[in-house]
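A short write-up of the structure that comes next.
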Amino acid sequence: MTEKHIILKGTFVLTLAAFISRFLGFFYRMYLSHTFGEANVGLYQLIFPVYTLGIAITCAGIQTALSRHVAGYVAKGKKKETELLLFTSMIYTVFLSVILMLFTQHYAHDIACTLLKEPACKSLLLLLSYCFPFAAIHCCILGYYFGMKQAKIPAWSQLLEQSVRILSVYAVYSFGIRHGQHFSVSVAVLGMIAGEAAAAWYCLHSLNSYSETLSSRKSTDILFLRRLCCLDNLKAFLSLLRFSIPLTVSRIMLTLLQCLEAFSIPWNLQYYGLDWNESLRIYGVLTGMALPCVLFPSALTGSLATMILPSVAQIEAENNIRKLRRLIRKVTTTCILLGSTCCILLLLSSSFIGVCLFHSPLASRYIFTLSWICPFLYTNTTFISVLNGIGKAGISLFINMFTILIRIASIYLSIPAYGIRGYLTGLLLSQIFMFCFCFIYLHYHYRFNANRRTAGLT
């Protein structure tokens with residue numbers, strides 16, 4: 001199977017899984033709202049920044065770094081080394097996640113009262129902490145399979161996680177109703193634990209069948225431990241760790257930005273002259289109606305970015321610059337065309353979506369404005385993945401950090417003067433900056449390498 005077909009097949013599988021998972025999630029949120037009430041669902045939503053931050057700290061960077069390193073080893077025909085690197089990464093991330101779990105449990109009250117401003121979240125945070133070890137195992141194995149360009153197991157694990165989460169909540173709550181007991185929204189957090197545990201178990205079971213090291217009867221436990229602790233494997237893990245640090249910092253900063261935006265946008269809208277309720281209404285329409293419409297097709301580009309990273313890393317390891325430039329050109333053209341198509345469709349249908357579907361003329365205006373970022377937003381996802389694939393995690397960190405600064409500046413400088421339009425303008429400018437910087441950097445990077453290679457040949 002050619003590189004093109006591998007990427008297209010993996011993208012299709014991951015995109016299909018993402019759409020099904022989002023479809024199930026849509027009805028799941030409706031069920032939670034009807035069952036526990038909007039106020040309790042609000043408490044449940046409050047803990048998600050803590051969950052996202054925990055995943056960013058423990059395993060998000062390692063997953064991307066593992067995907068790249070595994071693809072590089074596969075290109076060199078060193079499959080067993082990839083398995084040793086996987087198990088070393090799992091030990092490290094599980095150790096980190098256990099520390100984070102104990103930290104969250106110890107400071108649950110402080111986090112709930114000081115950061116979330118809601119003491120009722122303490123019990124939810126105590127339960128949430130048990131998700132981290134399972135999520136660490138899940139993320140590491142996903143990174144390994146992405147590096148091997150195997151999309152089937154990650155797709156099934158995503159669907160299994162979502163299905164178990166929903167069914168477990170429904171089963172526990174129905175059991176309580178039949179026996180005269182009414183559970184709180186903490187049941188939804190138990191569903192998260194069940195989903196992560198099921199996904200981790202499925203990935204470990206699949207790995208047991210796929211991995212040569214685990215299935216080989218010739219490899220004893222002692223021999224495996226010796227190979228796991230050998231100097232070459234530790235050097236490879238340190239290399240992976242160095243690559244993952246900028247990615248981890250980038251994910252943490254992005255997560256903190258989301259938390260900052262959730263607090264700062266309504267707050268700064270008051271400086272524009274709006275009261276608190278109107279500020280919250282505008283922020284709710286923007287984040288709950290307009291942005292989900294614009295980001296919905298990103299499931300496709302996100303899947304494409306996930307599949308292209310190991311392919312880029314493998315081609316980079318083979319030092320085939322011409323093939324890599326051709327691949328990047330095709331993917332960039334595809335994302336720009338997809339983004340431009342979505343931009344036109346949203347421009348034409350913004351009124352229908354806002355008024356007829358959301359019953360909000362304000363949503364129509366925001367969708368119309370946000371549609372212009374589609375060509376840049378969808379392409380930037382793959383650009384960052386390409387940069388990570390060629391080992392430029394530091395450059396991707398710089399780009400993400402500068403983009404974050406533009407968005408923060410728009411919140412604190414533009415919103416008080418121009419209202420929410422100032423933030424939307426800053427959001428568009430940040431995506432244009434990222435697009436231009438990535439495009440120029442990749443162009444001159446490969447042009448320089450090609451010239452240097454030509455000079456070396458002559």
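Being in a helix (DSSP H, G or I), at pLDDT 90 or above and touching a helix residue (DSSP H, G or I) at 6+ places or on another chain (Cβ under 9 Å) narrows it down to one residue among Phe402, Phe437; which is it?
Criteria check complete, one pass: Phe437.
Select from region 320-360 the residues that are part of a helix (DSSP H, G or I), of a type outside the set (A, V, I, L, M, F, W, C) and open to solvent by 90 Å² or more (accessible area, probe 1.4 Å) and write down the one among them that is farthest from Met289 (Cα to Cα).
Arg322
Answer yes or no: is there a residue in region 373-384 that is within 16 Å of the chain's Cα centre (by Cα), open to solvent by 10 Å² or more (accessible area, probe 1.4 Å) and within 23 Å of Tyr73 (Cβ to Cβ).
Scanning region 373-384 turns up at least one residue that is within 16 Å of the chain's Cα centre (by Cα), open to solvent by 10 Å² or more (accessible area, probe 1.4 Å) and within 23 Å of Tyr73 (Cβ to Cβ).
Check Ala155, Ala171, Ala194 and return the single one that is open to solvent by less than 30 Å² (accessible area, probe 1.4 Å), in a helix (DSSP H, G or I), small (Gly, Ala, Ser) and modelled with pLDDT of 85 or more.
Going through Ala155, Ala171, Ala194 in turn, just one is open to solvent by less than 30 Å² (accessible area, probe 1.4 Å), in a helix (DSSP H, G or I), small (Gly, Ala, Ser) and modelled with pLDDT of 85 or more: Ala155.
Select from region 361-371 the residues that are β-branched (Val, Ile, Thr) and open to solvent by less than 20 Å² (accessible area, probe 1.4 Å) and list them in ascending order.
Ile367
Yes/no matrix, rows are residues, columns are (1) open to solvent by 30 Å² or more (accessible area, probe 1.4 Å); (2) among the basic types (Lys, Arg); (3) at pLDDT 80 or above:
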| site | (1), (2), (3) |
| --- | --- |
| Asp221 | yes, no, no |
| Leu228 | no, no, no |
| Leu234 | yes, no, no |
| Gln258 | yes, no, no |
| Pro266 | no, no, yes |
| Ser279 | no, no, yes |
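Of all residues in region 108-130, which are open to solvent by less than 10 Å² (accessible area, probe 1.4 Å) and out of contact with any Ser or Thr (no Cβ under 9 Å at 6 or more places or on another chain)?
The one that is open to solvent by less than 10 Å² (accessible area, probe 1.4 Å) and out of contact with any Ser or Thr (no Cβ under 9 Å at 6 or more places or on another chain): Cys121.
Out of all the residues in region 20-32, is one or more more than 20 Å from Ala199 (Cα to Cα), open to solvent by less than 30 Å² (accessible area, probe 1.4 Å) and part of a helix (DSSP H, G or I)?
The answer is yes, given that some residue of region 20-32 is more than 20 Å from Ala199 (Cα to Cα), open to solvent by less than 30 Å² (accessible area, probe 1.4 Å) and part of a helix (DSSP H, G or I).
Taking only region 41-81 into account, find how many residues are more than 21 Å from His138 (Cβ to Cβ) and out of contact with any helix residue (DSSP H, G or I) (no Cβ under 8 Å at 6 or more places or on another chain).
Going through region 41-81 one residue at a time, the tally reaches 4.
Considering Asn380, Asn388, which residue is modelled with pLDDT under 90 and either part of a helix (DSSP H, G or I) or among the polar types (S, T, N, Q) (or both)?
Asn388
Of all residues in region 242-277 being part of a helix (DSSP H, G or I) and free of Cβ contacts under 8 Å to residues at least 24 places away in the same chain, which is nearest to Ser97 (Cα to Cα)?
Here the answer is Arg242.
Among the residues of region 92-102, is there at least one that is in contact (Cβ under 8 Å) with a residue 60 or more places away in the chain and either part of a helix (DSSP H, G or I) or open to solvent by less than 10 Å² (accessible area, probe 1.4 Å) (or both)?
Yes.
How many residues are open to solvent by 10 Å² or more (accessible area, probe 1.4 Å), closer than 23 Å to Ile367 by Cβ, free of Cβ contacts under 8 Å to residues at least 40 places away in the same chain and under 26 Å from the mean Cα position of the chain (by Cα) when one looks only at region 398-429?
So the count comes out to 3.
Could you please find all residues in region 174-191 being open to solvent by 30 Å² or more (accessible area, probe 1.4 Å) and over 13 Å from Leu127 (Cβ atoms)?
Once the filter is applied, which keeps residues that are open to solvent by 30 Å² or more (accessible area, probe 1.4 Å) and over 13 Å from Leu127 (Cβ atoms), region 174-191 yields Phe175, Ile177, Arg178, His179, Gly180, Gln181, His182.
The values are calculated or read from the model by the stated rules, or taken from the named source; none is laboratory data. Model, not experiment: these values are computed from the prediction. Note that we place each Cβ from the backbone using ideal geometry, even for glycine, and neighbour counts take in every protein chain shown. Heavy atoms of the whole protein, side chains included, go into the accessibility calculation; ligands, DNA and RNA do not. Shrake-Rupley method; radii C 1.70, N 1.55, O 1.52, S 1.80 Å.
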